[in-house]
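Okay, structure first, notes after.
The values are calculated or read from the model by the stated rules, or taken from the named source; none is laboratory data. Since the model is a prediction, treat every value here as computed from it, not as a measurement. Glycine gets a Cβ as well: all are built from the backbone with ideal geometry, and neighbour counts include every protein chain shown.
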Amino acid sequence: MVHRHRRGPGRVARRAPRRRARVVELLACSGPRPRRAAQRNSVVCEDAPRAPARGRPARPAPGPSPRRGRPGHGAYGRACPRLRRERRRDDDPHRRRHGGAARRPARARPLPVAARPHGRLVRLLHHAQPRAAGPPHPPPGGPLVTGAEGLLFDLDTFAVHDGPGIRLAVYFKGCPLACRWCHSPESLRPEPEVIFLRDRCRLCGRCGAVCPQGVHARSGERHTLDRDKCLVCGRCVEACPSGALAVKGVRMSADAIVAKAERLKPFFDHSGGGVTLTGGEVTQQAGFAEAILEGCQERGIHTAIETCGACRWEVLERLAARSDLVLFDLKLMDDAEHRRWTGASNRGILANAARLAGRDVVVRVPLIPGITDTEANLDALFAFLSGSGLRRVELLPFNPSSGAKHEWLGRTFGVAGERQSVARLAEIACRAEGAGLTVSVA
């Protein structure tokens, strides 16, 4: 890069001095900046003529410019860089570079400048000292919801199987049932837990080296975990280079979920979708769920909850009143069989289902081979729905691939079988329609 300055009748090229990098303090400085050693003993006098450069004519003293008529310019209408720097330093009290007179009050200085590839310098947009914290700005759709927080194990921003349209599915952690065929076993425990994907493990041993509890061990070519010792500190997850370990369970605020839903609202409006709270079991964290539902409804977002119904009616009624759609899971009609396969009675579940009559409810029936898809259970279930005034049924075919999730947690999948055939699904749908129900297959 070459700077050209007028010296005499022609232009003389002079290479610009190289910039020197220096450290810029991040915090505000209350006093004047120290001067460089070369400038501490120098005295600048604009009236004194300069010594002529070797082989060059003497430069005329600064005076009124014949071209621009401004003081401080040379005879040919352009001030040299040194004079411009001196004038800025001495005449402008707010741009003094080397101390002396009073200066502006100390303020936050920006971060160091960053050099672009082409050599220019640009200031970063961030500043070292943040501005004074003020009250948060309310979102466009309304005020902030609450400070409620809950425990989730997943968040799906493009769910299409948990209600109409494109939906934001919020997966709650914790469930009162223990279904042996559960498709989300990582949702059962109401606390964070570590999952292990064995097919990704490289047997590098880094997880065992950083674990303070001795949870991880290697026996031959197999990686074992003693989950009773695990405190879910997350050190093994950070050390794993292949992603074989992960923590399921993270705390999230209702405000953050509502804000995410508001950003997705154009997709919801176009597809007829919205937000679905599922799990796990939504009623296990009723206050958290209620805050999300209220925030979404204030912003005109369609809401839905999916529940197994194993809760007090007062809790379910409060959440159903703030939901546009209720997805209610029914599995077994016989109480003894329900206890055997889910670990809990179904009496309260059936009572809650009957009380939801008159609302927008879709009863979902998981079809587990030899357990819930038997003719006796389906006939009793369809008769109960018809007598209770619940008319909409959705059949959920069996998914054998869900057994892989149980291996993540060191459990065995207690159900064997294959997905129902198309003919079998059509037969079950005919039975439901014969009972006066509206049927759909997921």
query: Taking the stretch 411-441, which residues are surrounded by 14 or more Cβ atoms within 10 Å (Cβ to Cβ), in a loop (DSSP other than H, G, I, E, B) and out of contact with any Ser or Thr (no Cβ under 6 Å at 6 or more places or on another chain)?
result: ARG411, PHE413, VAL415, GLY417, ARG419, GLN420, LEU437
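Just to be sure before I move on: is ASN352 part of a helix (DSSP H, G or I), farther than 23 Å from ARG419 by Cβ and touching a residue at least 40 places away in the same chain (Cβ under 8 Å) in the structure I sent? It would help to see each step written out before you state the result.
Details: part of a helix (DSSP H, G or I): yes; farther than 23 Å from ARG419 by Cβ: yes; touching a residue at least 40 places away in the same chain (Cβ under 8 Å): yes.
Spelling it out, ASN352 is indeed part of a helix (DSSP H, G or I), farther than 23 Å from ARG419 by Cβ and touching a residue at least 40 places away in the same chain (Cβ under 8 Å).
Of LEU327, LEU319, which residue is touching a Ser or Thr at 6+ places or on another chain (Cβ under 8 Å), within 20 Å of ASP162 (Cα to Cα) and part of a helix (DSSP H, G or I)? Walk me through it before giving the result.
Values: LEU327 fails: part of a helix (DSSP H, G or I).
Exactly one of LEU327, LEU319 is touching a Ser or Thr at 6+ places or on another chain (Cβ under 8 Å), within 20 Å of ASP162 (Cα to Cα) and part of a helix (DSSP H, G or I), namely LEU319.
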query: Going by the conditions given, is ILE349 in contact with a Gly (Cβ under 6 Å, 6 or more places away or on another chain) and either modelled with pLDDT of 95 or more or within 16 Å of ASP334 (Cβ to Cβ) (or both)?
result: yes
Residue that is farthest from VAL170 (Cα to Cα) [pool: residues in the stretch 295-307 that are hydrophobic (A, V, I, L, M, F, W, C) and not in a helix (DSSP H, G or I)]: ILE301
message: Restricting to the stretch 378-410, name every residue that is acidic (Asp, Glu) and in a helix (DSSP H, G or I).
response: ASP379, GLU407
statement: For ASN377, the lone unmet condition from (1) more than 19 Å from SER184 (Cα to Cα); (2) surrounded by fewer than 18 Cβ atoms within 10 Å (Cβ to Cβ); (3) not hydrophobic (A, V, I, L, M, F, W, C) is (2)
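Within the stretch 152-178, can you find the residues that are in a loop (DSSP other than H, G, I, E, B), more than 25 Å from ASP360 (Cβ to Cβ) and either free of Cβ contacts under 8 Å to residues at least 60 places away in the same chain or not charged (D, E, K, R) (or both)? Give the steps one after another, and end with the answer.
Within the stretch 152-178, the first condition is being in a loop (DSSP other than H, G, I, E, B), and the residues that meet it are 160-166, 173-178.
From the residues that got through so far, the ones that are more than 25 Å from ASP360 (Cβ to Cβ) too are 173-174, 178.
Across the stretch 152-178, the qualifying residues are GLY174, ALA178.
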- prompt: In this structure, is ILE292 in a helix (DSSP H, G or I), of a type in the set (Val, Ile, Thr) and at negative phi?
  reply: yes
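Mind checking whether some residue in the stretch 366-375 is in contact with an Asp or Glu (Cβ under 6 Å, 6 or more places away or on another chain) and within 21 Å of TYR171 (Cα to Cα)? Full working, then the answer.
Initially, the stretch 366-375 is screened for residues in contact with an Asp or Glu (Cβ under 6 Å, 6 or more places away or on another chain), giving 367.
Okay, now just the ones that are also within 21 Å of TYR171 (Cα to Cα), so none.
For the stretch 366-375, residues in contact with an Asp or Glu (Cβ under 6 Å, 6 or more places away or on another chain) and within 21 Å of TYR171 (Cα to Cα): absent.
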- prompt: Which members of the stretch 240-274 meet the condition of being farther than 14 Å from ARG167 by Cα and of a type in the set (Ser, Thr, Tyr)?
  reply: SER242, SER253
message: Can you say whether ALA310 is in contact (Cβ under 8 Å) with a residue 40 or more places away in the chain, in a helix (DSSP H, G or I), buried (at least 16 other Cβ atoms within 10 Å of the Cβ) and among the aliphatic types (A, V, I, L, M), as far as the supplied structure shows?
response: no
field: Residues satisfying the stated conditions in the stretch 196-233, i.e. surrounded by 12 or more Cβ atoms within 10 Å (Cβ to Cβ), in a loop (DSSP other than H, G, I, E, B) and in contact with a Leu (Cβ under 9 Å, 6 or more places away or on another chain)
entry: LEU197, CYS201, GLN213, VAL215
